[in-house]
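One structure is given below, represented as structure tokens, and several questions about it will come after.
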Amino acid sequence: MARRDKLIQPNGQPAFGLFSDGVEQINYLDYDLRTAMDRKRSGLAKRFGFNQFQFVSLLSDELIIGIAIVDLKLVSNAFVYLYQPATKRFEEFSFLQPLARHTRIDPRPNSGVAEFRKGNNLLRIQASRTPGVRKLEVSLPGKLSIDATIDESTSYNPLAVCTRAGYTDWVFTQKSAAQVCHGRVQWHDQRFDLQQLRALAAVDWTGGYMRRETFWNWGSLSCQLRDGRRLGFNLAAGVNETGFTENALWLDGRLIKVDMVDFRFDRYQPNHSWAMRSADGIIDLHFTPHGRRQDKTNALVIASNFSQYFGQYHGEIRLPGEVIHLEGEWGLAEDHFAKW
């Protein structure tokens, strides 16, 4: 199915399934939101029940960057972290805004703006269908500046999927990985050119009426193989597996769907390796963490136990006629519990 203009149909229900070119507008206010006993919810409940976030990673052998903007209506937060494998230098910047002040995420995954401001600090992601780019701006005066562009004009085949979440709700997510990017990063006194680093980007745009308590495990990779091809993947379990999955890999921009993925790891041994294997046999990987960005928040109404790891992947990706061997390519993995 090609791109949809709107996710919510005239009958007030979302269109479930996979959308090969994404969805133009996540018109969530048109959703016929009801309780489990079929009572209609108010317009206020619609507005405050819809959670959104956008996450971008920039990965290379020399520098790893993770950036997120999250709007939970009662609160918003944003973070950016950087890790330099050669020196093991790590730094994280994290911000909160009560009632999502100065936070904006347009419900248009391919043509909208996600923005977070606090004081002089700015994180901004702007997508445009013409010419097909996603511009990333981070300004933390005296600490960090990022000005980057992700190319979505060629070989762009995002995985866009909408699935049920519990009895009445739903989640839409759009993912892509191993996208070409260019730009600059100024991290204190260090300056990086993303094109010279051969950095590749991954993008996660997610919004929906999520389960009150939910969790997910996640794996992401964006790398350049030794033969020059770009390889990326998005693997997940726990949130979007009701009829469809968000598991896929990209080889030079070509999307290849992947079946259910089993994540094996010890939550209480953060330095131990993870195993990730898919039911169709395509994925047989191990992930070795080198560090993590962690957050534990328990504010009664809202709670989060979040660990996002950066590390190296080893193992095999088995495709028809080809086996791709990973031998220490850098990527991410995540273990996350959330109460919205």
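At 7 Å along the Cα-to-beta-carbon direction for both ARG129 and SER153, put a label point, then send me their distance in nm to one decimal.
About 1.7 nm, to one decimal.
Once ligands and nucleic acids are excluded and a 1.4 Å probe is used, how much of HIS188 is accessible, expressed in Å² to the nearest 10?
For HIS188, the solvent-accessible surface is approximately 70 Å².
Restricting to DSSP loop positions (anything but H, G, I, E, B) with no more than 15 other Cβ atoms inside 10 Å of their own Cβ, which trypsin sites (Lys or Arg not before Pro) remain in region 231-318?
ARG267
By how many nm would the segment from ASP5 to ASN298 grow when fully extended, if each residue of separation counts as 0.36 nm and the alpha-carbon distance is taken off?
My answer for the length gained is 101.7 nm.
Next up: Suppose each label sits 7 Å from its Cα in the direction of the beta carbon; what would the HIS188-ARG47 distance come out to in nanometres?
4.3
If amide hydrogens are placed 1.01 Å from N in the peptide plane, which non-local residues have theirs closer than 5 Å to the one on LEU74?
Excluding prolines and chain starts, which carry no amide H, there are no hits.
Then there's this: Whole-Hz ³J(HN,Hα) for each residue in region 161-177, computed from phi via Karplus 6.51 cos²θ - 1.76 cosθ + 1.60 with θ = phi - 60°, x for glycine and proline: what do you get?
Per-residue couplings from phi come out as 8, 10, 10, 5, 9, x, 6, 10, 10, 7, 9, 10, 9, 10, 10, 8, 8 Hz.
Tell me whether region 185-340 comes out rounded, prolate or oblate; compute the Cα gyration tensor, take square roots of the eigenvalues as a ≥ b ≥ c, and use a/c under 1.5 as the rounded threshold.
On the way: a/c = 1.66, a/b = 1.20, b/c = 1.39.
Oblate.
Please compute the modelled spin-label separation between GLU62 and GLU213, points set 7 Å along Cα→Cβ, answer in nm with one decimal.
Label at GLU213, label at GLU62, 4.7 nm between them.
Whole-Hz ³J(HN,Hα) for each residue in region 131-142, computed from phi via Karplus 6.51 cos²θ - 1.76 cosθ + 1.60 with θ = phi - 60°, x for glycine and proline: what do you get?
x, x, 9, 10, 9, 10, 10, 10, 10, 10, x, x
Now for a different question. Provide the per residue accessible area, probe 1.4 Å, for region 1-133, rounded to a whole number of square angstrom.
Computed with neighbouring chains in place, this is 46 Å² per residue.
Could you let me know the centre-to-centre spacing of region 52-80 and region 263-310, using Cα atoms, in angstrom?
16
Now for a separate question. Expected output is a single nm value to one decimal: the length gained when fully extending between SER145 and ALA275, i.e. 0.36 nm times separation in residues minus the C-alpha distance. What is it?
Values: separation 130, 0.36 × 130 = 46.80 nm, distance 3.51 nm.
Here the answer is 43.3 nm.
Roughly speaking, what is the stretch gain from PHE93 to GLU322, that is 0.36 nm per residue apart minus the C-alpha to C-alpha distance, in nm to one decimal?
78.3 nm
The values are calculated or read from the model by the stated rules, or taken from the named source; none is laboratory data. Note that the structure is predicted; figures quoted are calculated from it, not measured. Here the Cβ is made from the backbone with ideal geometry for all residues, glycine too, and neighbour counts use every protein chain on show. Accessible surface areas use protein heavy atoms only, side chains included; no ligands, DNA or RNA. Shrake-Rupley method; radii C 1.70, N 1.55, O 1.52, S 1.80 Å.
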